[in-house]
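Have a look at the structure below, then the notes.
The values are calculated or read from the model by the stated rules, or taken from the named source; none is laboratory data. Everything numeric here is computed off the predicted structure, so don't read it as measured data. Please note: Cβ atoms are built from the backbone with ideal geometry, for glycine as well, and neighbour counts cover all protein chains shown.
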Amino acid sequence: MFYQDNMDNALRFGDVLRGYIAITPSIKGPILAPSTLNEGYNIDVNLPIFSVVLSPCCSIGHGIITLTPLIKVRKAFFDNPYFLEDLTRINRKMEPEQTVPPNIWEKFPSEEKQKHLEEGYGYTFLELFIYEKNDLFQKYTIHRKRENIETNYYMIDFRNTYILNCEKIKTPEDAPLDSKCLQLSLQARSELRDKIAYYYARIPKEDKILED
């Protein structure tokens with residue numbers, strides 16, 4: 001079960017919400033002097049149909065929340081038979097040969113195969129987490145050469161998060177609960193927590209070298 005049948009009367013990590021704007025600032029480069037403040041930047045503001053809470057449950061409140069928009073999944077996912085059966089498999093660790101379509105795996109040089117096998121059981125698409133299909137989500141079409149697929153799987157991208165100030169979010173319980181649409185099950189929330197923790201906890205190669 002991906003979603004909780006009965007939702008808590010509180011905002012939780014991983015919840016699907018509606019009614020919150022998304023803000024994306026863009027700049028050509030760092031603004032290092034006041035004279036360059038008005039040169040080459042813009043701020044995009046839009047209203048996603050659904051957003052996901054990425055604030056830890058115990059950190060929701062004080063008028064601040066961390067969100068990310070729910071977006072359509074990638075066409076390439078449907079080329080992998082292992083994913084095609086259940087896209088939420090991308091949320092969990094898997095064997096190296098399951099991360100790519102069989103025809104791609106077979107084309108890998110032996111050295112590359114061995115490299116992947118040595119890396120072992122682990123995550124793929126580290127920055128992404130898939131949300132299970134739900135009747136609340138609008139269906140859309142994935143256009144493929146052989147056949148088109150209609151789906152309402154969605155996903156979030158850990159790289160696309162933002163902080164929003166909302167004075168009505170005082171605590172997880174004292175918040176606009178009418179904006180809450182779906183709550184993850186305990187298992188799904190645990191999977192989200194594990195994957196985003198892994199995403200942020202990875203050690204760069206250069207740091208590993210220094211540690212050794």
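Tabulated data
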quantity: Near pairs, Cβ below 9 angstrom, 6+ apart or cross-chain, from the stretch 38-56 (without any contact (Cβ under 8 Å) to a residue 24 or more places away in the chain) to any residue that is assigned to a loop (DSSP other than H, G, I, E, B) and of a type outside the set (D, E, K, R); calculated: Glu39/Ile31; Gly40/Gly29; Gly40/Ile31; Tyr41/Ile31
quantity: Single residue of the stretch 1-42 satisfying the filter (part of a strand (DSSP E or B) and of a type outside the set (S, T, N, Q)) that is nearest to the chain's Cα centre (by Cα); calculated: Val16
quantity: Residue list for the stretch 184-199, restricted to those being under 19 Å from Leu70 (Cβ atoms), assigned to a helix (DSSP H, G or I) and not aromatic (Phe, Trp, Tyr); calculated: Ala188, Arg189, Glu191, Leu192, Arg193, Lys195, Ile196
quantity: Output for the stretch 65-119, where each listed residue is in a helix (DSSP H, G or I), under 30 Å from Leu17 (Cα atoms), out of contact with any Phe, Trp or Tyr (no Cβ under 7 Å at 6 or more places or on another chain) and of a type in the set (Ser, Thr, Tyr); calculated: Tyr82
quantity: Scope the stretch 106-140; condition surrounded by 10 or more Cβ atoms within 10 Å (Cβ to Cβ) and either over 30 Å from Gln183 (Cβ atoms) or without any contact (Cβ under 8 Å) to a residue 12 or more places away in the chain (or both); matching residues; calculated: Glu106, Lys107, Phe108, Glu112, Lys113, Gln114, Lys115, His116, Leu117, Glu119
quantity: Scan of the stretch 132-172 for residues that are assigned to a strand (DSSP E or B) and more than 24 Å from Asn80 (Cβ to Cβ), ordered by number; calculated: Tyr162, Ile163, Leu164, Asn165
quantity: Search result, residues across the stretch 171-193 that are of a type in the set (A, V, I, L, M) and loosely packed, with under 13 Cβ neighbours inside 10 Å; calculated: Leu186
quantity: Tally, over the stretch 120-130, of residues that are in a strand (DSSP E or B) and either in contact with a strand residue (DSSP E or B) (Cβ under 6 Å, 6 or more places away or on another chain) or at pLDDT 95 or above (or both); calculated: 3
quantity: Index of the failed condition, Ile149 passing every other in (1) modelled with pLDDT of 95 or more; (2) in contact with a Phe, Trp or Tyr (Cβ under 8 Å, 6 or more places away or on another chain); calculated: (1)
